[in-house]
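A.B. asks: Structure provided below as structure tokens; questions to follow.
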Amino acid sequence: DRLAFDVAGQIWWQRPDRIAATRITTTGDSNRRPAFSPDGRYVAFESRRAGRQQIFVNDLDSGNTRQVTFGQFNHLTPAWRPTKNGARLVMSSDRGGSFDIWEVDIDDLKLQQLTFMPGDEHDPAWNEDGTILAYVTPTATGSALYTLRPGTRPERVLHEAGQIRAPAWRPGGGVLLYVRERTNTSQLRMLLLSKPPITKPITHHERVVPRPAHWLTSGEFLYTALLLSTSYAPDDPTRLTSLA
């Protein structure tokens with residue numbers, strides 16, 4: 001029942017049935033990538049402080065914001081892991097030299113490294129029960145999307161000759177949305193985790209912002225894009241409304 005977004009380096013939240021938005025951040029001008037916790041209580045975001053990207057968490061009940069990552073490292077693209085006990089954040093961090101996927105408990109701030117590939121791993125996303133992690137890594141000819149069940153080896157499920165960004169799991173699993181960036185273009189696409197996997201475009205004539213789509217139901221989601229064409233009829237049932 002609440003929407004979080006970043007505008008001009010600040011984080012805001014708003015109820016869909018109200019015009020006024022509430023500003024979460026009060027300092028800095030590089031706050032971005034807000035992410036609601038599964039219970040809707042917290043909003044995590046990244047912010048540049050002292051030359052490094054760090055992760056902060058705002059408690060919407062109290063209004064308090066606190067920093068949960070520290071040190072001379074960068075921590076990017078926070079996402080939540082659904083758990084029964086405690087609240088845990090997953091992120092991309094260069095704490096180990098290259099960017100890997102790490103997890104932090106926001107209560108005791110204990111860190112755990114989840115991926116150990118030689119390259120960089122970015123844009124982590126857990127499925128709705130916290131059992132499968134999706135993330136992206138660059139390759140010599142583009143980028144690849146991997147899935148990982150903790151305790152097993154990562155599985156490469158997709159390769160694109162462009163940049164894969166911002167995977168987002170559909171409720172119920174089996175499907176991921178992601179943004180594919182190529183020269184001067186970006187498109188929202190759907191990946192069906194079948195055997196073999198199938199990918200298909202969702203948007204046309206739009207420049208999709210490389211942020212995770214937010215699923216409302218198994219058939220509806222929100223995303224942000226710049227409309228490049230008005231060729232769609234207003235009542236076209238195949239067109240998805242984009243946020244700006």
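The values are calculated or read from the model by the stated rules, or taken from the named source; none is laboratory data. Quick caveat, the model's predicted, so the values are computed rather than measured. Note that each Cβ is placed from the backbone with ideal geometry, even for glycine, and that neighbours are counted across all protein chains shown. Protein only, heavy atoms only, side chains kept; ligands, DNA and RNA dropped before computing areas. Shrake-Rupley method; radii C 1.70, N 1.55, O 1.52, S 1.80 Å.
A.B. asks: Residue under question is Ala8, and the condition is that it be open to solvent by 20 Å² or more (accessible area, probe 1.4 Å) and either at positive phi or out of contact with any strand residue (DSSP E or B) (no Cβ under 9 Å at 6 or more places or on another chain) (or both); does it hold?
C.D. replies: Yes: the conditions hold for Ala8.
A.B. asks: Among the candidates Arg18, Arg41, single out the residue that is farther than 19 Å from Trp126 by Cα and among the charged types (D, E, K, R). Working first, answer last.
C.D. replies: On the way: Arg41 fails: farther than 19 Å from Trp126 by Cα.
Exactly one of Arg18, Arg41 is farther than 19 Å from Trp126 by Cα and among the charged types (D, E, K, R), namely Arg18.
A.B. asks: Mind checking which residues of the range 194-244 are modelled with pLDDT of 90 or more, surrounded by 14 or more Cβ atoms within 10 Å (Cβ to Cβ) and of a type in the set (A, V, I, L, M)?
C.D. replies: Ile202, Val208, Val209, Ala213, Leu222, Ala225, listed by residue number.
A.B. asks: Shifting gears a bit: Quick one: in the range 33-52, of everything that is at pLDDT 95 or above and closer than 22 Å to Asp94 by Cα, which residue is farthest from the chain's Cα centre (by Cα)?
C.D. replies: Looking at residues that are at pLDDT 95 or above and closer than 22 Å to Asp94 by Cα, I get Ser47.
A.B. asks: Yes or no: the range 69-77 includes at least one residue that is buried (at least 20 other Cβ atoms within 10 Å of the Cβ), under 19 Å from Ser92 (Cα atoms) and more than 15 Å from the chain's Cα centre (by Cα).
C.D. replies: Yes, there is a match, as at least one residue in the range 69-77 is buried (at least 20 other Cβ atoms within 10 Å of the Cβ), under 19 Å from Ser92 (Cα atoms) and more than 15 Å from the chain's Cα centre (by Cα).
A.B. asks: Same structure, new question: Restricting attention to the range 138-165, which residues are crowded, with 16+ Cβ neighbours inside 10 Å and among the polar types (S, T, N, Q)?
C.D. replies: The answer is Ser143, Thr147, Gln163.
A.B. asks: Applying the selection to the range 82-98, what residues are open to solvent by 50 Å² or more (accessible area, probe 1.4 Å) and either part of a strand (DSSP E or B) or in contact (Cβ under 8 Å) with a residue 40 or more places away in the chain (or both)?
C.D. replies: Keep residues of the range 82-98 that are open to solvent by 50 Å² or more (accessible area, probe 1.4 Å), which gives 83-85, 95-97.
Thr83, the sole residue that qualifies.
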